[in-house]
Amino acid sequence: MNIVITGCTSGIGAETVKGLSDKCDRLFLLVRNQKKAESLLADLPADLPKDRFEVVFCDLEDLKSVAAAADYVREKVTSLDLLINNAGGIFPKGTITRDGFETTFQVNHLGHFLLTQKLLPLLLKTPTPRIINVSSEAHRAANPKLNEVTNAANYSSFPAYANAKLYNILFSKSLQEKYGSQGLGTFSLHPGVVKTNFGGDFTGVFKLLIKLSQPFMITAKAGAQTTLFLATSAIKKEWNGAYFKKSKPVTPSKLANSKKLREDLWEKSANWVADLS
Ligand SMILES: NC(=O)c1ccc[n+]([C@@H]2O[C@H](COP(=O)([O-])OP(=O)(O)OC[C@H]3O[C@@H](n4cnc5c(N)ncnc54)[C@H](OP(=O)(O)O)[C@@H]3O)[C@@H](O)[C@H]2O)c1
């Protein structure tokens, strides 16, 4: 099995790599901090062949680096079985990336949209490829405003994060609609409330809230279980495109089922990355 995963330098992604490390032929770790990825690899069991793993620079805040990472994978393997779009985060301040998008939107959605577009030809070369998008129950608070994603003037952290996580679910469903007939399985998921570096850039009240909640959070290893289930188990055909929690499909918000919204998201995202696809 050839695998690409983002966001695996800590938390849920790192545990996902550990869980897949003995099940893969090639695993590409797409990260912005290569040192952290190398130290994760150094902690894997010594008997695993080291040439199975490759660290590739990919900063989701920089779409050119996303495109370059995908091009690199395309040079190295002729097919791909699994893409896990796991990287993500919530950010205290509203910033605009060098590509001109609000950072939460680009890191959680648009960067992965471009990566997926570029890797789809490789994925569709295998009979039953899969794409997993790590979303969140936060999507239920979304109030999507796709016309405002190039603007951080009215930025507020949680609404921006909730919207981005809604886009992860809409994107999964669109992928299933467009490519399911070619064998592609696509899933989105909520990993649980997990003790990771999530929200680590915050100070003040939000930081305090995270600290107070930590005793009630599950471990990163437990948080990786739904991803690992979707990556390695036989999944019923009727569950293709679904949103999962605790390794079971659950009904997402009404907005997450909106055909109009997912078509709008697809069309706009495709236009925004057209020069790099
Ligand atoms: N923790 C929770 O309770 C929870 C709940 C629901 C959903 N989630 C989702 O789970 C996923 C994993 O998060 P986590 O909880 O494991 O948090 P985490 O420990 O903070 O991991 C986030 C990962 O994303 C990477 N990342 C962030 N910005 C990036 C960028 N610009 N380019 C490339 N990689 C970037 C981080 O890399 P660096 O090491 O370089 O920062 C890190 O590897 C996220 O999509 C998150 O939204 C988490």
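The values are calculated or read from the model by the stated rules, or taken from the named source; none is laboratory data. Here the structure is a predicted model, which means the values were calculated and not measured. Quick reminder, even Gly has a Cβ in these numbers, built from the backbone with ideal geometry, and neighbours come from all protein chains shown. When the accessible area is computed, the model is the full protein with side chains, heavy atoms only, and any ligands, DNA or RNA have been set aside. Shrake-Rupley method; radii C 1.70, N 1.55, O 1.52, S 1.80 Å.
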Size of the dipole of the range 188-276 about the Cα centre, Lys and Arg at +1 and Asp and Glu at -1 on the beta carbon, nothing else charged, in debye to 20? 480 debye
Which residues qualify? For THR126, with a placed amide H closer than 5 Å and at least 5 residues away or on another chain, they are LEU80
Grab the beta carbon distance between THR95 and LYS35, set R0 = 30 Å, and tell me the FRET efficiency rounded to 0.05. 0.80
Using a Förster radius of 25 Å, what is the FRET efficiency between SER247 and ASP22 based on their Cβ-Cβ separation? Nearest 0.05, please. 0.80
Using only alpha carbon pairs under 8 Å that are at least six residues apart, calculate the relative contact order of the range 76-197 and give it in whole percent. 34 percent
So if we plug the beta-carbon distance of LYS268 and ASP201 into 1/(1 + (r/R0)^6) with R0 = 35 Å, what FRET efficiency do we get, rounded to 0.05? 0.80
Put LEU27, LEU228 in order of accessible area, largest first, probe 1.4 Å, and you get LEU228, LEU27
Could you tell me the extents of the range 2-272's C-alpha atoms along the three principal axes, largest first, rounded to whole Å? 49, 40, 37
Nearby lysines by direct alpha-carbon distance to LYS64 (threshold 17 angstrom, same-chain neighbours under 8 apart not counted): LYS118
Taking the Cα-to-Cβ direction at ARG74 and at SER213 and moving 7 Å from each Cα, how far apart do the two end points lie in nm? 3.9 nm
The range 125-277, accessible surface, carbon-and-sulfur percent (1.4 angstrom probe): 54 percent
The chain, helix-only ellipticity at 222 nm - DSSP H runs n ≥ 4, -39,500 (n - 2.57), divided by all residues, nearest 500: -11500 deg cm²/dmol
Report the antiparallel proportion of the DSSP beta bridges in the range 2-272 as a percent, rounded to a multiple of 5. 15 percent
Given a 1.4 Å probe and heavy atoms of the protein chains only, how would you sort ARG130, ARG140, ARG32, largest accessible area at the top? ARG32, ARG140, ARG130
Probe of 1.4 angstrom, ligands and nucleic acids ignored: what's the accessible area per residue over the range 180-225, in square angstrom? 60 Å²
Of LYS173/LYS207; LYS36/LYS260; LYS178/LYS245; LYS145/LYS207; LYS36/LYS237, which pairs sit farther than 29 Å apart, going by alpha carbon to alpha carbon? LYS173/LYS207; LYS36/LYS260; LYS36/LYS237
Send over a whole-number figure in Å² for the accessible area per residue of the range 5-66, probe 1.4 Å. 45 Å²
Residue span PHE158 to LEU124: 0.36 nm per residue of separation minus Cα-Cα distance leaves a gain in nm of 8.7 nm
At 1.4 Å probe size, put THR196, THR203 in order of accessible surface, largest to smallest. THR203, THR196
